[in-house]
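Here, each number is a calculation from the coordinates, and none is a lab measurement. This structure is a prediction, so every number in the text was calculated from the model and none was measured. Please note: Cβ atoms are built from the backbone with ideal geometry, for glycine as well, and neighbour counts cover all protein chains shown.
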Amino acid sequence: MSPHTKHRLLLLLPFTIFLVLAAYFAIGLTGDPSKLPSNMINKPVPEFALPGLDGGPGLASTDLKGQVRLVNIFASWCAPCRVEHPLLVRLAREEGITIHGIAYKDKPVDSQAFLDSLGNPYTSVGSDRDGRVGINFGVYGVPETYVIDKEGRIRYRHVGPLMAYDMDEVILPMLRELAK
Amino acid sequence: MKRFFCSLKRRSAIGLTTLALASLLSAPAFAVMPDEKLSDPVMEARARDISKELRCLVCQNQSIDDSNADLARDLRVLVRERLVAGDSDQQVLAYVTDRYGDFVLLRPPVKSYTIALWAGPFVVLLLAGLGTAFYLRRRRHEVETTTLPELTAEEETRLQALLDDLGTDKGQRGPSA
């Protein structure tokens, strides 16, 4: 290698460093920091037994076996929950999907009023007033939606409001697959 | 009179100690609310240490000890409950990582998938060191082995002429100075 070509290669060094950094930033800065994998995937639902709303049936971990279903964690004080709610109602009514609700850190009266005004897609609702069951699920915030398989294991977690796209492209195909 | 001074001295000593202790103990009052604190100071200190290791999942770059988020508060209370129930510090951390994964730990544990993170800087340092050593050795080698080209006959005569010239210059200047 002549000294001349060596010099040329050295000139390329800043550009190479730039490319490497650009690649790092492209990976590091474009990811969504809220999309973190759940540690509960493929683990059984944490054990719990929650009272219901307004005299309705409560929800316990033992109820979550034998059938593929969704567990939706919501609260009346949570605005994105209102956004996704019509979709849940449609899923329960039109697609016949079993959805259970966990009212996270919410007064039962408020949760009930929320369901009275927006419709109730839930087969049963458990009231998690102190948020402990939420923590056992590894909840970051509301809303979150969990796909539970027939054995009562958590198979998927969706963070944030469910949109039609998430439902059609991810959740529904997964439910169909798990129901086989 | 002497007794008065003695007691004054003692009092001020006690006062200063109290002040020092108070300022030491109360210095970092972040997000932890008084009603969350445990009555046992040793237990509370352990709880604070554990809380500093745990990431607030809502704000992500704060520890639960620093964060005002609701979930951080709930986790702080949970940490204290586990301690009161007799868990060791490790058990409390394990309890939280079981639910939230290693991401909840502000200090990433050394595991197969974090090995690049932990060993990376040392690998880079090693490579840089090797590179520098190699470069320096080669340069020294180059300097030692490089031979200057021989002068041509023409250059030789020119050089000799210059040297002679210099010699006569000196000779001329010598006596006149």
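Observations, loosely collected:
- Helix axis angle, A:13-30 relative to chain A longest principal axis, alpha carbon, degrees: 0 degrees
- Sequence of B:Glu142, A:Glu144 once ranked by neighbouring C-beta atoms within 10 Å, starting from the fewest: B:Glu142, A:Glu144
- The trypsin sites (Lys or Arg not before Pro) of segment B:34-104 include none that DSSP puts in a loop with a beta carbon having at most 12 other beta carbons within 10 Å.
- The C-alpha atoms of chain A define a longest principal axis, and helix A:79-90 lies at about 70 degrees to it.
- Put a dot 7 Å past the Cα of B:Ser88, heading toward its Cβ, do the same for A:Val109, and the two dots end up 4.8 nm apart.
- Rg [Å, one decimal], Dmax [Å, integer] - the protein assembly as shown, C-alpha atoms: 36.2, 127
- Neighbour-count ranking [beta-carbon atoms within 10 angstrom, fewest first] of B:Val58, B:Val124, A:Val142: B:Val124, B:Val58, A:Val142
- Extension gain, B:Thr168 to B:Leu126, is 9.1 nm, computed as 0.36 nm per intervening residue step minus the present C-alpha separation.
- Ordering A:Cys81, B:Cys59 by the number of other Cβ atoms within 10 Å of each residue's own Cβ, fewest first, gives B:Cys59, A:Cys81.
- Distance violations [Cα-Cα > 29 Å] among A:Lys43/B:Lys37; A:Lys107/A:Lys180; A:Lys65/A:Lys105; A:Lys65/B:Lys37: A:Lys43/B:Lys37; A:Lys107/A:Lys180; A:Lys65/B:Lys37
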